[in-house]
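Notes to accompany the following structure.
The numbers here are math on the coordinates, done by the rules we state, and not lab data. This structure is a prediction, so every number in the text was calculated from the model and none was measured. In this analysis, Cβ positions are derived from the backbone assuming ideal geometry, glycine residues included, and neighbour counts consider all displayed protein chains.
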Amino acid sequence: MARRNNLAGWVLVSPVVIGLAVFTLYPFLASLYLSFCQYDIFTPPRWVGLWNYETMLTRDPLFWKALANVFYYAVLAVPLGIIFGVGLALLLDSPIRGISIYRTAFFLPSIVPVVATSVLWMWLLNPQIGLVNMLLRVAGVDGPTWLASTAWSKPSLVVMSVWGVGGSMLIYLAGLKDIPVSLYEAAVVDGANLWQRVRYVTLPMLTPVIFFNLVMGLIGAFQYFTQAYVMTGGGPLDSTLFYALQLFFQAFRYLKLGYASAMAWVLFVLVVGVTALLFRSQKRWVHYGR
Amino acid sequence: MDGERFEVRSRAARQAVWAVRGIFIAAAAVGILWLFLGYRAPRPQVYPGREKVVFWHMWTSNWAEVIRKICDRFNASQDRYEVVPLTVIGGSLKTLISTAGGDPPDCMAQWEQVIPAWAEREALTPLDTLMPPEEWQDLRGRLYPAVRAIGMYKGHFYGLSTGMNIWAIYYRPSHFREVGLDPDHFPETLDELDAAADKLFKFDAAGHILRIGFIPRHLEWWAPAFGGSFWDPAREELTFTNPKNVEALEWVTGRAAKYDFERVLQFEAGLTTQFEASWPFISGAYSMVLDGQWRVEQLAKYAPELDYRTAPIPPPDGGKTLAGWSNGNFLVIPAGAKNKPGAWAFMRFWSGLDDPERAAEFYTWGGWLPITDQIARTAPYQQYCDKYPQFRTFLRTMASPNVQVTPPVPVQAYFQSRIGWAEESALRGQLSPREALEQAARETQRELENMVVGKAR
């Protein structure tokens with residue numbers, strides 16, 4: 001009976017196990033092998049040892065440019081996302097009339113498909129007829145060319161990232177609901193004002209959620225692709241050539257799949273490294289209320 | 001009371017759940033029905049007894065209809081092969097995958113510059129090996145220089161064009177008259193072009209651009225007129241920093257700087273898209289603009305009343321006349337194709353090597369530039385040019401030996417991206433034209449060396 005149950009169990013989970021093995025584990029391992037090969041799809045992979053990694057680190061200025069771009073984006077967009085996410089969650093935690101409408105309004109942009117959001121922002125940031133520059137003109141400021149400017153293209157994408165903050169806001173909101181009311185009552189009894197309650201109760205109690213969003217946000221930022229692909233194609237002058245975009249170009253525009261695999265592994269190691277550092281740092285600032 | 005209400009609510013909830021389920025089931029049923037009844041499989045063979053030639057192309061809508069007509073004509077012309085056309089969007093990537101999987105099409109149309117990259121990887125069939133040497137010699141002699149150049153790589157011929165693209169200047173006679181220029185005498189030198197452009201620019205009181213006289217873009221389109229080139233065929237090497245290329249980029253940059261490149265970008269950002277009927281030249285945003293021959297048919301279709309003319313790129317002092325840059329659509333046979341003779345028979349038929357009149361008919365259906373002078377001189381093609389006189393500028397340029405194509409290096413896509421980068425760096429004043437070209441040269445050379453050294457490992 002137990003054996004039959006086991007068998008039934010294996011049969012039921014087999015689609016997932018086979019799917020993971022074929023579509024995740026195999027490509028994962030194959031990409032590791034390919035990262036040591038020269039591979040262009042047409043001809044069989046040829047082993048070149050560490051050549052791809054050597055080329056990347058010593059002979060490809062665009063690799064460093066793409067890495068710098070993605071760090072720039074991650075360093076600005078992730079904290080900004082946290083600040084706006086937490087701020088919005090705090091505002092939307094208030095017991096006011098129609099709060100669910102506000103929550104829905106702020107959440108909606110995060111479920112709009114990325115390509116649609118990108119096209120929308122291309123219009124908003126249009127230097128001539130875009131809403132942003134029209135508003136700036138009303139204020140007497142001649143706005144920049146945004147996505148067409150090497151100085152403003154990355155900041156434009158960072159600002160745009162705040163538009164999709166609704167998803168993390170919802171998680172912060174759930175985190176806020178999880179904070180025991182007794183802590184606020186105790187703080188009030190101790191004479192804490194609103195700011196002190198936020199600073200010494202809310203934020204520390206919210207740190208596990210902030211930590212989660214920080215880790216997920218950083219992983220997402222390192223893989224930033226679609227918006228840049230749709231809106232700028234990496235330009236102007238490679239100013240929005242993000243790591244994943246450069247990886248894609250190397251693989252499918254220049255047919256260097258071995259090199260692209262090596263880039264993917266460097267990204268993987270980077271993401272694992274940064275995540276490990278964050279996990280090590282959490283002892284100092286994440287409070288689990290234990 | 002509460003219990004009763006709960007009962008009512010749960011009954012309503014159950015009904016709602018069933019309603020949702022019903023919608024899903026109905027949607028699934030419609031989907032399955034569509035799969036069985038409505039789904040149109042790729043066209044089956046009309047002549048089941050014949051050898052099938054699978055033909056992938058990238059054309060859609062009206063263009064796909066032209067392709068279908070050409071295939072039908074081929075199929076009706078003989079009784080051995082049947083070409084089965086299929087529109088494949090994102091063709092080059094899918095061809096890569098199908099080639100890697102060992103099942104590529106027999107013939108495919110391309111417009112991305114893939115010949116050197118794919119030929120270097122032995123993924124294409126040299127077409128000169130599919131015909132007798134004398135036929136190849138004959139064909140080689142007949143093709144326009146640019147058509148021959150675009151198909152060649154390391155001494156073999158891999159791609160036969162079905163239609164080339166040439167760029168020339170479109171201009172508005174009414175704008176010329178408005179500023180006192182004679183539209184019957186289009187500038188013959190670059191200096192005259194600059195002077196005309198300066199007159200044609202229009203600004204508002206605050207200095208914002210209202211109309212662009214002319215702003216040159218795309219260095220590779222202009223360098224040939226200066227006598228420049230990006231490729232030395234004798235030494236088989238890239239020549240980014242050819243002094244004439246630098247001179248051309250200095251002129252392109254100088255013209256943009258005169259009107260403030262940022263201001264030009266701002267003006268252009270507010271214009272309609274470049275697609276067909278919304279091309280800003282129609283609305284008068286440009287007095288002169290460099291564009292391809294396909295606009296002639298588009299203008300006839302979307303703006304038949306528009307008064308416009310075309311002219312070749314005027315050269316600078318000591319430069320070359322009827323110079324420019326060309327790319328195009330071409331047919332290739334993947335190395336793993338199952339029916340290469342059938343594919344080549346189809347290509348011969350389409351390009352009219354045995355009957356230029358027939359090819360001329362096809363070329364006029366597509367509004368394509370011909371690949372040989374024989375086709376250009378046929379009655380159907382001349383009638384087409386009489387119908388669209390503006391087309392003759394492109395035809396004259398097409399035959400010119402001063403038209404260049406992208407250098408035949410296996411990193412063409414990278415080359416293109418770096419040329420664009422160099423031009424933009426210079427336009428934005430981040431590097432001088434010479435520095436920008438030097439850096440692009442270094443990077444492209446490194447990419448080439450990486451490819452070769454990696455291969456040698």
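Which GluC sites (Glu not before Pro) in the stretch B:229-313 pass both tests, a DSSP loop state and at most 11 other beta-carbon atoms within 10 Å?
Sites meeting the loop and neighbour criteria: B:GLU236, B:GLU305.
Let me make sure I get this right: for the stretch A:1-153, a, b and c are the square roots of the gyration tensor eigenvalues over alpha carbons, sorted descending. Under 1.5 in a/c it's rounded, otherwise prolate if a/b > b/c, else oblate. Which is it?
Oblate is the answer for the stretch A:1-153, as a/c is 1.5 or above yet b/c matches or exceeds a/b.
Rounded if a/c is under 1.5, else prolate if a/b beats b/c, else oblate: with a ≥ b ≥ c from the C-alpha gyration tensor eigenvalues square-rooted, which is the protein assembly as shown?
Prolate, since a/c reaches 1.5 and a/b exceeds b/c.
Can you compute the FRET efficiency between A:THR58 and A:ARG97 using 1/(1 + (r/R0)^6), with r the Cβ-Cβ distance and R0 = 60 Å? Round to the nearest 0.05.
Plugging the Cβ-Cβ distance into 1/(1 + (r/R0)^6) gives 0.45.
For chain B, what is the number of Lys pairs with C-alpha distance below 14 angstrom, counting only pairs 8 or more positions apart or on separate chains?
Eligible lysine pairs with Cα atoms under 14 Å apart amount to 6.
Find which of A:VAL138, A:PHE212, A:PRO109 sits farthest along the positive direction of the dipole of the stretch A:109-231, computed with +1 on the beta-carbon of Lys and Arg, -1 on that of Asp and Glu, about the Cα centre.
Among A:VAL138, A:PHE212, A:PRO109, the one farthest towards the positive end of the dipole of the stretch A:109-231 is A:VAL138.
If r is the Cβ-Cβ distance from A:VAL119 to B:GLU188 and R0 is 45 Å, what FRET efficiency results, to the nearest 0.05?
About 0.55, to the nearest 0.05.
Which value, in debye to the nearest 20, gives the size of the charge dipole of the stretch B:218-355 about its Cα centre, when Lys and Arg are +1 and Asp and Glu are -1 at the Cβ?
300 debye
Is there a quick way to get the dipole size of chain B? I mean about its Cα centre, with the Cβ of Lys and Arg at +1 and of Asp and Glu at -1; what is the value in debye to the nearest 20?
1460 debye
Using the Cα centre of the stretch B:200-259 as the reference point, and only Cβ charges (+1 on K/R, -1 on D/E), how large is the resulting charge dipole? Debye, rounded to the nearest 20.
Rounded to the nearest 20 debye, it is 400 debye.
Could you work out, residue by residue across A:39-49, how many beta carbons of other chains sit within 10 Å of that residue's beta carbon, and then give the average as an integer?
The mean count of partner-chain Cβ atoms within 10 Å per residue comes to 5.
Within 12 Å, Cβ to Cβ, of B:GLU134, how many net charges do the neighbouring residues add up to if Lys/Arg are +1 and Asp/Glu are -1?
-2
Using R₀ = 60 Å, calculate the FRET efficiency as 1/(1 + (r/R₀)^6) where r is the Cβ-Cβ separation of A:ASP190 and A:LEU25; round to 0.05.
0.65
Please list, by residue number, everything in the stretch A:134-151 whose backbone N is under 13 Å from a paramagnetic label point 7 Å out along Cα→Cβ of A:PHE71.
none
Once the dipole of the protein assembly as shown is set up with Lys and Arg at +1 and Asp and Glu at -1 on Cβ about the Cα centre, which of A:MET56, A:GLN196, A:VAL22 lies farthest towards its positive end?
Of the options given, the answer is A:GLN196.
Say a site is exposed when it is one of the chymotrypsin sites (Phe, Trp or Tyr not before Pro), sits in a DSSP loop, and has at most 10 other Cβ atoms within 10 Å; what is then the longest site-free stretch of chain B?
Formally, the longest exposed-site-free interval is B:40-274.
Scan the stretch B:364-413 for trypsin sites (Lys or Arg not before Pro) in coil per DSSP, keeping those whose Cβ has at most 12 other Cβ atoms within 10 Å, and list them by number.
Those satisfying the criteria are B:ARG377.
Rank B:ALA376, B:GLN430, B:LEU353 by how far each Cα sits towards the positive end of the charge dipole of the stretch B:340-457 (+1 on Lys, Arg Cβ; -1 on Asp, Glu Cβ) and give me just the farthest.
B:GLN430
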